[in-house]
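Input: a single structure, listed below in structure tokens.
The values are calculated or read from the model by the stated rules, or taken from the named source; none is laboratory data. Bear in mind that the values here come from a model prediction, so they are computed numbers and not experimental data. Glycine also receives a Cβ, built like all others from the backbone with ideal geometry; neighbour counts cover every protein chain displayed.
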Amino acid sequence: MPYHANYERRVPILEVKDTIRVPYRGGVVQVSVRNVGSGVEEMDWYVDDSISTWVHLDGVSEGIGDGFFTLVYEPNPDDTNRLDSIEIFAPETDSMYKVVYIAQVSDSELADIRQPHNTTTHNVLIYPNPATHTVTVEADGIQSAKVYSALGQELLCQKNTGGKGMTLNIEQLPDGFYILAVKTSQGMVYKKVVKTK
């Protein structure tokens with residue numbers, strides 16, 4: 001008679017926002033961290049702000065299970081959109097690493113983001129990724145795309161001249177990873193792009 005085994009995997013799973021939008025003026029924002037895994041396993045996590053330039057941790061930088069951390073962001077004297085990021089690690093989880101992007105945007109863009117239509121999932125297709133010469137971006141209602149360095153410097157900006165897709169020439173950029181900010185009629189979407197030889 002055969003034996004049947006039923007194994008249920010119960011692990012912590014890290015959940016934290018992908019993108020946080022903040023105004024040009026300086027301020028403070030709290031970011032929640034949740035364990036959305038099954039079971040009662042604890043989840044250790046810690047935050048690293050070493051790659052950020054104008055966003056810094058304030059107070060707690062690690063925890064167990066559900067919790068939060070606080071980010072202080074500097075005012076932007078240029079009143080222009082910019083992007084920064086921090087990293088969060090939870091070594092004992094299935095999804096152990098996440099980049100959290102902090103987008104500093106105008107008050108009008110913040111108001112638009114708070115509208116209900118901007119809470120939907122955006123279908124943005126980016127290919128190839130990694131890329132050598134060009135990256136194609138496809139999305140419904142695509143308006144523009146910007147490429148930022150890992151430090152949040154805007155390196156490339158291109159408006160859509162029509163159609164569902166657009167192609168960005170990244171050949172002149174050094175090898176490494178970049179943040180692609182895609183503006184659509186539904187809101188902003190941020191994706192990681194890798195440039196290789």
**Fill in**
In the set Asp66, Asp84, Asp79, the lone residue that is farther than 28 Å from Val11 by Cα, acidic (Asp, Glu), in the same structural domain as Asp18 (by TED's automatic domain parsing) and exposed (fewer than 14 other Cβ atoms within 10 Å of the Cβ) is Asp79
**Request:** Considering each residue of region 171-197, count those that are touching a Leu at 6+ places or on another chain (Cβ under 7 Å) and more than 22 Å from Val100 (Cα to Cα), and give that number.
**Result:** 1
**Item:** Positions within region 82-103 being within 15 Å of the chain's Cα centre (by Cα) and more than 19 Å from Ser50 (Cβ to Cβ), in sequence order
**Value:** Ser95, Ala103
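Could you check region 19-68 and list, in sequence order, the residues that are part of a loop (DSSP other than H, G, I, E, B) and of a type in the set (Asp, Glu)? Let's see the steps before the verdict.
From region 19-68, those part of a loop (DSSP other than H, G, I, E, B) are 24-26, 36-43, 49-54, 59-61, 65-66; that's our starting set.
Residues satisfying the conditions are Glu41, Glu42, Asp49, Asp66.
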**Complete:** Pairing a residue in region 24-37 that is assigned by TED's automatic domain parsing to the domain that holds Leu71 and closer than 29 Å to Ile13 by Cα with any residue that is assigned to a strand (DSSP E or B) and among the small types (Gly, Ala, Ser), where Cβ atoms lie under 8 Å and the two sit 6 or more apart in sequence or on different chains, gives Ser32/Gly67; Val33/Gly63; Val33/Gly67
**Request:** Output the residue which, of all residues in region 128-137 that are of a type outside the set (S, T, N, Q) and more than 18 Å from the chain's Cα centre (by Cα), is farthest from Val193 (Cα to Cα).
**Result:** His133
**Asked** Which one of these is out of contact with any His (no Cβ under 7 Å at 6 or more places or on another chain), within 21 Å of Lys191 (Cβ to Cβ) and either at pLDDT below 85 or of a type outside the set (S, T, N, Q) (or both): Arg25, Arg21?
**Response** Arg21
